[in-house]
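> Pasting in a structure now, in structure tokens, and then I'll have a few things to ask.
What follows draws every value from the coordinates through simple rules; no lab data is involved. If you're wondering where the values come from, they're calculated on a predicted model, not measured in any experiment. All Cβ positions, even for glycine, are placed from backbone atoms using ideal geometry, and neighbour counts span all protein chains on display.
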Amino acid sequence: MLNELAHFAMILAFGVAIVQMIVPLIGAQRGNVGWMSLAEPAATIQFLLTGFAFAALTWAFVVSDFSLQLVYMNSHTDKPLIYKITGVWGNHEGSMLLWVLILALFGACAGWFGGNLPMRLRARVLAVQGSISVAFLAFLIFTSNPFLRLDVPPLNGRDLNPLLQDPGLAFHPPFLYLGYVGLSMAFSFAVAALIEGRVDAAWGRWVRPWTLAAWVFLTVGIALGSWWAYYELGWGGFWFWDPVENASLMPWLIAAALLHSAIVVEKREALKSWTILLAILAFGFSLLGAFIVRSGVLISVHAFAVDPERGMLLLIILGIFLGGSLTLFAFRASAMQSKGVFSTISRESALVLNNILLAVSCFVVFIGTMWPLVADMLFERTLSVGPPFFDAAFTPFMVGLAIALPLGSMLAWKRGTLERMSKAMAGWLVLAVALAALAYAVQSGGSALGPVGVALGVWVVGGALADLWLRAGRDDLRTRLRRIRNLPRADWGKATAHIGMGVTVFAIAAMLAWEKEDIRIANIGDRWDMGAFEVQLDAVNQLQGPNYVTTMADMSVWRGGRELYTLQPEKRFYPVANMPTTEAAISNGFIRDVYVVIGDPQVNGGWAVRTYDKPFANWIWGAAS
């Protein structure tokens, strides 16, 4: 009965979304206050209905209600509770319901907290948000219904993909969806502004918090996914330029550009048309990500579904919203005249450079991701675009961004000077070069990647600190520290984000340049060198887990003839899913990780073993948080 009620709630939410899409929009056009006022309760009711449907589906997974086809396909009675809950969004239908729920949540929040918006703009924003809900609720109800029933409920389910049975996957998709779907608010504000034909400083002030929230959620989601890939997949990397990984990176890059561009609109009423275009493209790339994940047109370990038919429907949704909004932009862009003028040396110019670097880097990722599909369709050729292309094509733009970031943040609005900035950064430049030279001298051979990463990291972090110091004035130390502590949250947020980027740049470069890897066949009792440590294979045991059997190794780590600790990597097999997984064992340290993986037994005895010494690995995810 509960499942039927949840299904009915989805249908009611679809009807409410249609009302939200049409009535407030007409009311805004006619100036009808009553019709415009309908937007907020409609958004609230839609959220409550979809929330009820999602809660009912979650309960079905918790109690193992195998009368639902979705629960049967993605759960099992032996599965731990956290993975039963994770199973709700570890599939196509459940993840789309989560998508719709978050979409309704953002619309409801715009209604609840948008009281300071002009009534017409608020009504149009909620109407556009309602139109997105209509599209996805229709997709969910007619093609991806999570409440389909089985005539004869089986005694047990087929289990969830073992790769998804991990704590990291309990949080990664929700955060990622909060970022993806959060960008729909920036899109709704952009389309509403195009309908009104007006963008001003107030619009930039309203759209920026929504963009910031989406960008933060997307950052956390990407970081969690990278962390999961690092310790779960057993290959020791954090980013593989997989199509689904790229699908999350592209909207993140555009959202970062939008965030900076909206500041220019708010402060100087410039870059209006460009900011509107970025808001449209940011959500467009989010929809593209949904298509890539669910269509199966690009092969990925992260894909939820391999269903070209449903993927084509998502492509149609993408075409309608992106094509419609860009057409409206073409007609209305001329009305978005910028009032602010600025010189070549100014913060506005620095933010324009920032936007160019981020947008072009996104375009590079887009070309590399989609080119295999284009080549297959147009030239009937099977191509693979992998890390070498992305590393060579994407990295220079990030280097340029890291160089420009500290300089731009310290320039004055409208018309700046290089003198003040150069004095503030001279010491940091000397320190960056000195530390890079030291890193180059200490490392034994290797590439210049590590020293360059050191220099860029110090440069970016130093720029953020120098910016805070400059904002404190020229008084005594005590007064300046007090002023720094009392700076606005926006200044602290900017400094934190820039410091995080500097640390990330350094950590990625250091890990890639200085990591050590050893792959061998080891017998019980063998000991070998791994960087500053020694690793010994002590034992291999067969054990039974909650819903899997595991081959677990005991590998002790030594240094200077003294045993430090024992790591226990695993090779698990899930009988229900008939699928193996590799569980790496990692000793997380502040400076380095010791990372060990046990492989398959060998015909002539021994075990395949991989060990890594990964410097500054945790700094990547620490900086993202």
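> Sort all Cα-Cα distances of the chain into consecutive 20 angstrom bins from zero, then give the percent of pairs in each bin up to the one containing the longest distance.
Bin by bin from 0 Å, the calculated values are 17, 47, 31, 5, 0.
> Note down the relative contact order for the chain as a percent, whole number, built from C-alpha pairs under 8 angstrom at least six residues apart.
Values: 1113 pairs, mean separation 63.7, N = 625.
Relative contact order comes out at 10 percent.
> Now for a separate question. Could you give the C-alpha radius of gyration of region 179-225 expressed as a fraction of 2.2 N^0.38 Å, taking N as the number of residues it contains? Write out the running numbers ahead of the final one.
Working: Rg = 12.3 Å, N = 47, 2.2 N^0.38 = 9.5 Å.
Computed over Cα atoms of region 179-225, the ratio equals 1.29.
> Once you sort the root eigenvalues of the Cα gyration tensor of region 106-185 as a ≥ b ≥ c, which label holds: rounded (a/c under 1.5), prolate (a/b larger than b/c) or oblate (the other case)?
Numbers: a/c = 3.70, a/b = 1.86, b/c = 1.99.
Because a/c hits 1.5 or more and a/b fails to exceed b/c, region 106-185 counts as oblate.
> Among 431-437, 608-614, what's the highest-first ranking by average C-beta atoms within 10 angstrom per residue?
Most protected by this proxy first, the peptides run 608-614, 431-437.
> Within 11 Å, Cβ to Cβ, of Glu563, how many net charges do the neighbouring residues add up to if Lys/Arg are +1 and Asp/Glu are -1? Before the final figure, lay out the partial values.
Details: positive: Arg527, Arg559, Arg562; negative: Glu534, Asp538.
Neighbour charge sum, excluding Glu563 itself: +1.
> Going by how many other beta carbons lie within 10 Å of each one, how would you line up Val33, Val293, Val191, fewest first?
Values: Val33 11, Val293 22, Val191 27.
Fewest to most other Cβ atoms nearby, the residues stand as Val33, Val293, Val191.
> Using the crude model of +1 on Lys and Arg Cβ and -1 on Asp and Glu Cβ, and no other charge, please compute the dipole size for region 557-610 relative to its Cα centre, in debye to 20.
Values: 6 positive and 5 negative charges, 31 e Å.
For this selection, approximately 160 debye.
> Let me ask you something else. If we sort 570-580, 456-466 on the protection proxy, mean other Cβ atoms within 10 Å, highest first, what's the order? All intermediate terms of the calculation are to be shown ahead of the outcome.
Numbers: 570-580: 16.7, 456-466: 23.4.
Averaged packing, sorted descending, gives the order 456-466, 570-580.
> How do 95-103, 225-233, 513-521 rank on mean C-beta neighbours within 10 Å, highest first? Intermediate values should be presented prior to the final figure.
Values: 95-103: 24.7, 225-233: 20.6, 513-521: 15.8.
Descending packing order for the listed peptides: 95-103, 225-233, 513-521.
> What number, in percent, do you get for the relative contact order of region 1-48 if the mean sequence gap of Cα pairs under 8 Å and at least 6 apart is divided by its residue count?
Details: 33 pairs, mean separation 18.1, N = 48.
Contact order relative to length: 38 percent.
> Please give the Cα centre distance for region 188-238 versus region 551-625, rounded to the nearest Å.
33 Å
> Also, I was wondering about something else. Just going by the charge dipole of region 1-157, with Lys and Arg at +1 and Asp and Glu at -1 on Cβ, which of Val23, Leu155, Val33 is farthest out on the positive end?
Selected residue: Val33.
> Then there's this: Please give the length that would be gained between Ile26 and Ser587 if that part of the chain were fully extended, namely 0.36 nm times their separation in residues minus their C-alpha to C-alpha distance (nm, one decimal). Working shown, then result.
Values: separation 561, 0.36 × 561 = 201.96 nm, distance 6.06 nm.
Between Ile26 and Ser587, full extension yields 195.9 nm more.
> Related question: Can you find, among Pro173, Val540, Gly525, the residue farthest towards the positive end of the dipole of the chain? Put +1 on the C-beta of Lys and Arg, -1 on that of Asp and Glu.
Pro173
> Still on this structure: Using a cut-off of 12 Å between beta-carbons, work out the net charge of the residues near Trp206 (Lys and Arg +1, Asp and Glu -1, Trp206 not included).
Working: positive: Arg122, Arg205, Arg208; negative: Asp200, Glu266.
Taking every Cβ under 12 Å from that of Trp206, the sum is +1.
> Still on this structure, I have one more. Can you tell me, using C-alpha contacts under 8 Å and at least 6 residues apart, the relative contact order of region 34-170 as a whole percent? It would help to have the intermediate numbers written out before the result.
On the way: 164 pairs, mean separation 57.7, N = 137.
With pairs under 8 Å counted, the relative contact order is 42 percent.
> Here is the link list: Lys272/Lys494; Lys84/Lys571; Lys267/Lys614; Lys494/Lys571. Which ones come out longer than 32 Å on Cα distance?
On the way: Lys272/Lys494 22 Å; Lys84/Lys571 22 Å; Lys267/Lys614 43 Å; Lys494/Lys571 43 Å.
Pairs exceeding 32 Å: Lys267/Lys614; Lys494/Lys571.
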